[in-house]
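The values are calculated or read from the model by the stated rules, or taken from the named source; none is laboratory data. Computed from a predicted model, the values in this text were never measured in an experiment. So basically every Cβ, Gly included, is an ideal-geometry build from the backbone, and we count neighbours across all protein chains shown. Quick note on the areas: whole protein, heavy atoms, side chains included, nothing else; ligands and nucleic acids left out. Shrake-Rupley method; radii C 1.70, N 1.55, O 1.52, S 1.80 Å.
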Amino acid sequence: MSKVLVIGCGGVANVAIRKCCQVSGVFTELCIASRTKAKCDALAAELAGQTATKITTARVDADKVEELTALIQSYQPDLVMNIALPYQDLTIMEACLACGVNYMDTANYEPEDTTDPAWRAVYEKRCKEQGFSAYFDYSWQWAYRKRFEDAGLTALLGCGFDPGVTQAYCAWAKKHEFDTIDTIDILDCNGGDHGYAFATNFNPEVNLREVSAPGSYWEDGRWVEVPAMSIKREYDFDQVGRKEMYLLHHEEIESLAKNIPEARRIRFFMTFGQSYLDHMRCLEDVGMLSTVPVEFEGRQIVPIQFLKALLPDPASLGPRTHGKTNIGCIFTGKKDGKDKTWSIYNVCDHQECYREVKSQAISYTTGVPAMCGALMLLTGQWAAPGVHTVEEFDPDPFLEALDRYGLPRRVNRAPALVDG
Ligand code: NDP
């Protein structure tokens, strides 16, 4: 029996909400609140009569702590699920602290306005000290640790697939498969085809910022940064086939380097088709990926936001996307004094997702873990005051929930390693 406030009603939230409604025994009441209330109302109307979960809706601007606080105080939820954008992480955490409510999200904080001088000063110091230059990092949310601990509240960060499930896979490997882990390669393969020359599978602004940033990986206790898309490998993915993939900076590397300190190297690779890369390079060359406002015919526009308006809505890709995703981790290390390699991954079919929740697999593989993470918090299976990432909790009940609710794991005891 619980009351949950979901903030955001985009591609990922749609899946998470539909999955919560499949587990009405735990998710007894849901309030869907977002900037555009009409989207919340449409989803609530569609789900009415199909679920025992009692759904209400609200409008909220999650950039404003006072609006959030008023909503949380009036609804009195047990948990706030932030499935809006990374820009809102800090305001929603503030409101949760003000109201004494647990918090979770699916992506770590980054600012919407990267020209803000106060933010930039901290960012530039971090680039120099840490050695990676992505706009997002955990420092902003880790700074809330003591306040959440003192309040006896839990904040669960990054509970999608990657970040999220990939860290639970690491925790599982550490708990059950290895005495020491030497290397971790996280591989995110989307073998799906939506038939468009160029479209992004989740929020275009967040997605394009991520993939156009320099790549980086963790090796021998420090970050190694390389130009965007400069490290390319090929890998033969189960049920998808051979794909080209590129090394990216990714947020879970930062927390894994802290929580699995013996890991000598941690890398993240994502597959991209040639058409996606050609379009991205061209858009970047002409300035369309810029987050800095420009004046156009007397008004300020942000190029990447304008581009978002032109691109297909990721939520509309569901019916036209065919193929599968394969996302997981490959480990090397030692067990009982012997060298060992081992991998764990999930394969998800775009069309099966669409039939179940009217979404493609990218939103599905993020929304299902968000629901399962909420389930862990609401049932007390994960309970630790403070600000935590997924690998800090027991992976066993979480992976069991994922197996049960749509993202079953697969294991390979002799996986091919990524070259080099
Ligand atoms: P969408 O753009 O589809 O949806 C975002 C939602 O947030 C929209 O409903 C939007 O409202 C709402 N929103 C935005 N700003 C505000 C605001 N100020 N106040 C209230 N609501 C707001 O994004 P996705 O569903 O694709 O992504 C959701 C999150 O999931 C992102 O943080 C993304 O980074 C993360 N993600 C995580 C992954 C993982 O594996 N961990 C993978 C993929 C995504 P409106 O309808 O008005 O625009």
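Say whether the condition of being more than 16 Å from the ligand (Cβ to nearest atom), in contact (Cβ under 8 Å) with a residue 40 or more places away in the chain and farther than 28 Å from G11 by Cβ is met by at least one residue in segment 101-124. There is no residue in segment 101-124 that is more than 16 Å from the ligand (Cβ to nearest atom), in contact (Cβ under 8 Å) with a residue 40 or more places away in the chain and farther than 28 Å from G11 by Cβ. Just one of the listed residues (L30, L68) is away from the ligand (no atom under 13 Å from the Cβ), under 24 Å from the mean Cα position of the chain (by Cα) and buried (at least 20 other Cβ atoms within 10 Å of the Cβ), namely L30. Yes or no: K232 open to solvent by 50 Å² or more (accessible area, probe 1.4 Å) and either touching a residue at least 60 places away in the same chain (Cβ under 8 Å) or under 29 Å from A401 (Cα atoms) (or both)? Here the answer is no, as K232 does not meet what is asked. Among residues of segment 129-145 that are on the phi > 0 side of the Ramachandran plot and open to solvent by less than 70 Å² (accessible area, probe 1.4 Å), those with a beta-carbon under 6 Å from a residue that is not acidic (D, E) and not in a loop (DSSP other than H, G, I, E, B) at least six positions away or on a different chain give the pairs G131/W223.
Yes or no: segment 9-18 includes at least one residue that is open to solvent by 40 Å² or more (accessible area, probe 1.4 Å) and among the β-branched types (V, I, T). Taking every residue of segment 9-18 in turn, none turns out to be open to solvent by 40 Å² or more (accessible area, probe 1.4 Å) and among the β-branched types (V, I, T).
Applying a threshold of 8 Å to beta carbon distances and a minimum spacing of six or more residues, or different chains, the list of pairs starting in segment 353-373 at a residue that is farther than 17 Å from P163 by Cβ and charged (D, E, K, R) and ending at one that is more than 11 Å from the ligand (Cβ to nearest atom) and open to solvent by less than 10 Å² (accessible area, probe 1.4 Å) reads K358/G318.
Conditions (1) within 15 Å of the ligand (Cβ to nearest atom); (2) open to solvent by less than 30 Å² (accessible area, probe 1.4 Å); (3) in contact with a Ser or Thr (Cβ under 7 Å, 6 or more places away or on another chain); (4) free of Cβ contacts under 8 Å to residues at least 40 places away in the same chain, marked per residue:
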site: L157; (1), (2), (3), (4): yes, yes, yes, no
site: G160; (1), (2), (3), (4): yes, yes, yes, no
site: T166; (1), (2), (3), (4): yes, yes, no, no
site: H176; (1), (2), (3), (4): no, no, no, yes
site: D182; (1), (2), (3), (4): no, no, yes, no
site: L187; (1), (2), (3), (4): yes, yes, no, no
site: P204; (1), (2), (3), (4): yes, yes, no, no
site: E210; (1), (2), (3), (4): yes, yes, no, no
site: E219; (1), (2), (3), (4): no, no, no, no
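Can you find a residue in segment 323-331 that is surrounded by fewer than 15 Cβ atoms within 10 Å (Cβ to Cβ) and not β-branched (V, I, T)? Checked segment 323-331: no residue is surrounded by fewer than 15 Cβ atoms within 10 Å (Cβ to Cβ) and not β-branched (V, I, T).
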